[in-house]
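Beneath this line is the structure, given in structure tokens, with notes to follow.
The values are calculated or read from the model by the stated rules, or taken from the named source; none is laboratory data. Everything numeric in this text was worked out from a predicted model, so none of it was measured. With ideal geometry, Cβ positions are generated from the backbone for all residues, glycine too; neighbour counts draw on all protein chains shown. Please note that ligands, DNA and RNA were not included when accessible areas were found on the heavy atoms of the full protein model with its side chains. Shrake-Rupley method; radii C 1.70, N 1.55, O 1.52, S 1.80 Å.
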Amino acid sequence: MSDVVPIKLACLDLAGTTVGDIAMVERAFAEAIATQGIVPGTGAYARAMVHVHRSRGCPKIDVFRGIFPGNEAQAQAANLTFERSYEGALERAGLVPMPGVLEVLDKLRGTGIKLALITGFSRATLGRVLSVLGWHDKIDLAISPEDAGGRGRPWPDMVLHAVLRTGVEDVRQVAVIGDSESDMLCGRRAGASIVAGVMTGVHSRERLLKGGATHILDSIADFPGLILSDDLGATQVASSAR
């Protein structure tokens, strides 16, 4: 008799996983730190952008606090510029869903699995993203760090908030998918039985495995085949060994 726990809740990252807006995010970060005197061509800029890359998936305000340690006013000012820059880019260019993502959402919801989008964006920016995407009828929840008491990834709070909101009985019934190390850490710390890293985003296979990925997928299009499998254990061994 199988001891596999069926997945009842899937928590999906936004940038780099379900939507392809990585370049827009990078530009918004660059514009934000430039307003605080950190400009391209300087060592400070290079160091700041390395920090941005390493911190992908974390709350944006926390990223700026890492760049401007001990200066909350400067971090808040940069964060405000980031939000304005990113939302302006949304208005101009919109967002492009990752290939196959709409089919993934429909397939999973069709099997009764609850869907939660999880992001490091603020609640205001997340609202703008959802408005542009028009996915309100395709997901059950969209969660920002503010919705989970202020702690975003790599803390487990947003996934656990989704568990509480959807009434899932066991954290082992949760699957998490994302493209960053912080996504993987968040899923593992929350107790999810599946923590899938996708290769369509910012972090390498090695970084995803370092964060605790149980599976590595080429894209989100492979996600339904994983979480609807009757033999997750065998799939896990095969995926992690590649």
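The table for this structure:
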quantity	calculated
Magnitude of the charge dipole, the chain, Cβ model with Lys/Arg +1 and Asp/Glu -1, debye to 20	480
Whole-angstrom gap from region 181-213 to region 4-21, using each part's C-alpha centre	11
Sequence of MET49, MET184 when ordered by accessible area, the most exposed leading, probe 1.4 angstrom	MET49, MET184
Two-decimal Rg to Rh for the chain - Kirkwood Rh, Cα set	0.97
Top positive-direction residue, dipole computed over the chain with Cβ charges, set LEU226, MET158, PRO40	PRO40
Two-decimal Rg to Rh for region 21-93 - Kirkwood Rh, Cα set	0.94
Antiparallel %, DSSP beta bridges [both residues in the chain], to 5	5
Candidates ASP222, ASP137, ASP147, ranked by Gaussian network fluctuation over the chain, Cα under 10 Å, top entry	ASP137
Gain upon complete extension [ARG172, GLU91; 0.36 nm per residue less C-alpha separation]	25.3 nm
Region 21-93 - charge dipole about Cα centre, Lys and Arg +1 at Cβ, Asp and Glu -1, debye rounded to 20	220
Euclidean distance between Cα centres, region 34-64 to region 150-165, Å	25
Label-point gap, in nm, between HIS51 and THR111 - each point 7 angstrom along Cα→Cβ	4.2
Hz values of 3J(HN,Hα) by residue in region 167-178 - Karplus curve (6.51, -1.76, 1.60), Gly and Pro given as x	x, 5, 7, 9, 4, 5, 8, 10, 10, 10, 9, x
Largest-first ordering by accessible area, 1.4 Å probe, given options HIS53, HIS215	HIS53, HIS215
Largest to smallest accessible area among ARG47, ARG153, ARG189, ARG207 [probe 1.4 Å]	ARG47, ARG189, ARG207, ARG153
